[in-house]
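Read the figures in this text as sums done on the coordinates, not as results from a lab. The model shown is predicted, which means the values in this text are computed figures rather than measured ones. In this analysis, Cβ positions are derived from the backbone assuming ideal geometry, glycine residues included, and neighbour counts consider all displayed protein chains.
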Amino acid sequence: MTDNNNEKHKIVIVGGGAAGLELATSLGKKLGKKGAAEVTLLDASPIHIWKPLLHEVAAGTLDESEQIEYLAQAYRNHFRFRLGRMEGLDRQKKEIYVSPTLSDSGEELIPRRTFSYDTLVMAVGSISNTFNIKGVAEHCLFLDTTAQAFKFQRQLVESYIKSHASQSADKSLSIVIIGAGATGVELSAQLHEVTNLLAVYGLDESSDVKLTIIEAATQLLPALPGKLAQATQQQLVKLGVDLKLGRRVIEVSKEGVLTHDDEMIPADLKVWSAGIKAPDWMQNLDGLEVNRINQLVVDATLKTSDDNIFAIGDCAACPWPGHDGNVPPRAQAAHQQASTLGKSIINRLQGGKLVNYVYLDYGSLVALGKYTTVGNLMGNLMGSVSVGGFIARMVYLSLYKMHQVAIHGYFRTAMLTLSNLFRRSAHATIKMH
């Protein structure tokens, strides 16, 4: 099946994460609305949730109104959405190949398809890097996609209920998080908050939950300065989270997690958040250059070795002049890259030049649920400034509001924010189904 309708310039964006959806929305409004180009967004999920919020989905604390239906977003912003997962590329024919879409029972809903393009943008994000450690893929839960986050939330609720209904003396539920980056740390705080809420709701025994974080490095949060990492560590210890730092995982089994010093840590639920890579299928994209973690190598304009193919977000290895390495895989980078590439594509259609992408590092922030937010802010005038508490929380929320504004505009974002405030007064704080 081939999707090849007309002679308009075809822009195909693969991946509807922060970068992909912002770019599709912008180009839809600026090009699609005028009929200057045909903009298509492809994603394997029908809904979008900002990836830094997936730990809230997993804990069951994210308001469902934060979900965005791709089809509705496409309709409002003059681009097309197609459900599917890319599996291959033919650069000479300028075509991508999309796998069949199957139901939960294995029935084929949508057959294998081919999409032609004039400009292709890869924005498929990243997945967890298991480093080929034995048992990780089989026994760990991941938080790379909305589907995985919802799966974790279902298993979490089932485990809580099972623990509450148990008649045995030992009713404690053990959760082990492997990796002490932002995702692992934020998830641990969110789970602690959920545990306390469940006790308030009547699942009193569910408060006996043991949370453990295992990290190979000797410090939490390598992206933050040591002082802030230490402050975060003290907060987690105060919450009762067991921190096992400097402990390398060598195997994961159904029963628990084995570390390099032969300690077996029992775990009912095991979450892997220790490192990222681009999806493995990107190693074979018709000769496009990738690095050791499957990211597409791009130049300063976000262009790959093919003049018609670009990459943004976590799946792009973008140079960071003046620094040792590439631009870090952060939401702020994805937001900036989508804005820059949007200008370049419009220039490209008008015969103009591509715009160079310059990464502006605004710092790193980590939110520990209702307890605190810590981080460092970067600026030309003030350098690096450590922040915490209310100010850090407001800055953290502003990053998400920037994403919402890029997708919805200022007025709709303001209305959604007000709506959420009212909804929280009438709805349960946590999702139990």
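Please say if segment 61-148 is rounded, prolate or oblate, where rounded means a/c under 1.5 for a ≥ b ≥ c the square roots of the C-alpha gyration tensor eigenvalues, and otherwise the choice is prolate for a/b larger than b/c and oblate otherwise?
Details: a/c = 1.70, a/b = 1.23, b/c = 1.38.
The shape class here is oblate.
Please compute the Kirkwood hydrodynamic radius over segment 267-337, one decimal place, Å, based on all pairs of different Cα atoms. Don't jump to the answer; show the numbers that get you there.
Details: mean 1/r = 0.0757 Å⁻¹.
Result for segment 267-337 stands at 13.2 Å.
Using the number of other C-beta atoms within 10 angstrom as an exposure proxy, rank PHE411, PHE131 with the fewest first. Don't jump to the answer; show the numbers that get you there.
Working: PHE411 9, PHE131 13.
With the fewest neighbours first, PHE411, PHE131 line up as PHE411, PHE131.
Based on alpha-carbon centroids, what's the gap between segment 71-147 and segment 12-69 in Å, whole number please?
Result: 13 Å between the Cα centres.
Which residue, SER419, GLY313, PHE150, has the largest displacement toward the positive end of the dipole of the chain when charges sit on each Cβ (Lys, Arg +1; Asp, Glu -1)?
SER419
What ranking do HIS139, HIS55, HIS9 get, fewest neighbouring Cβ atoms within 10 angstrom at the top?
Fewest-to-most ranking of HIS139, HIS55, HIS9: HIS9, HIS139, HIS55.
On a C-alpha basis, how far is the centre of segment 237-305 from the centre of segment 308-343 in Å? Whole number, if you could?
Taking the Cα centre of each part, segment 237-305 and segment 308-343 sit 20 Å apart.
Which entries in LYS30/LYS401; LYS51/LYS93; LYS210/LYS277; LYS51/LYS270 show an alpha-carbon gap greater than 26 Å?
Values: LYS30/LYS401 21 Å; LYS51/LYS93 33 Å; LYS210/LYS277 29 Å; LYS51/LYS270 20 Å.
The answer is LYS51/LYS93; LYS210/LYS277.
So what's segment 136-272 giving for Rg/Rh, alpha carbon basis, Kirkwood Rh from the mean inverse pair distance?
Details: Rg = 14.8 Å, Rh = 15.5 Å.
That ratio is 0.96, to two decimals.
Please report the relative contact order for the chain, taking Cα pairs under 8 Å with a sequence separation of at least 6, and give it as a percent rounded to a whole number.
Relative contact order, the chain: 16 percent.
In debye to the nearest 20, how big a dipole does the chain give about its Cα centre with +1 on each Lys and Arg Cβ and -1 on each Asp and Glu Cβ?
On the way: 43 positive and 43 negative charges, 298 e Å.
In total the dipole reaches around 1440 debye.
What angle do you read, to the nearest 10 degrees and between 0 and 90, between the alpha-carbon axis of helix 331-349 and the longest principal axis of the chain?
10 degrees
Using 0.36 nm per residue of separation minus the Cα-Cα distance, give me the extension gain between GLU69 and ASP118 in nm, one decimal.
Details: separation 49, 0.36 × 49 = 17.64 nm, distance 2.61 nm.
Value of the extension gain: 15.0 nm.
Under 19 Å Cα to Cα from LYS227, which lysines show up? Leave out anything in the same chain fewer than 8 places away.
LYS238, LYS244
Sort ILE161, ILE178 so the one with the fewest other Cβ atoms within 10 Å of its own Cβ comes first. List each step's numbers first, then the result.
Details: ILE161 14, ILE178 29.
Ascending Cβ contact count within 10 Å gives the list ILE161, ILE178.
How much of the DSSP bridge set in the chain is antiparallel, in percent, rounded to the nearest 5?
Here the share of antiparallel DSSP bridges comes out near 50 percent.
Could you give the length gained by full extension between LYS227 and SER105, i.e. 0.36 nm per residue of separation minus their alpha carbon distance, to one decimal place?
Values: separation 122, 0.36 × 122 = 43.92 nm, distance 5.06 nm.
Length difference between fully extended and current span is 38.9 nm.
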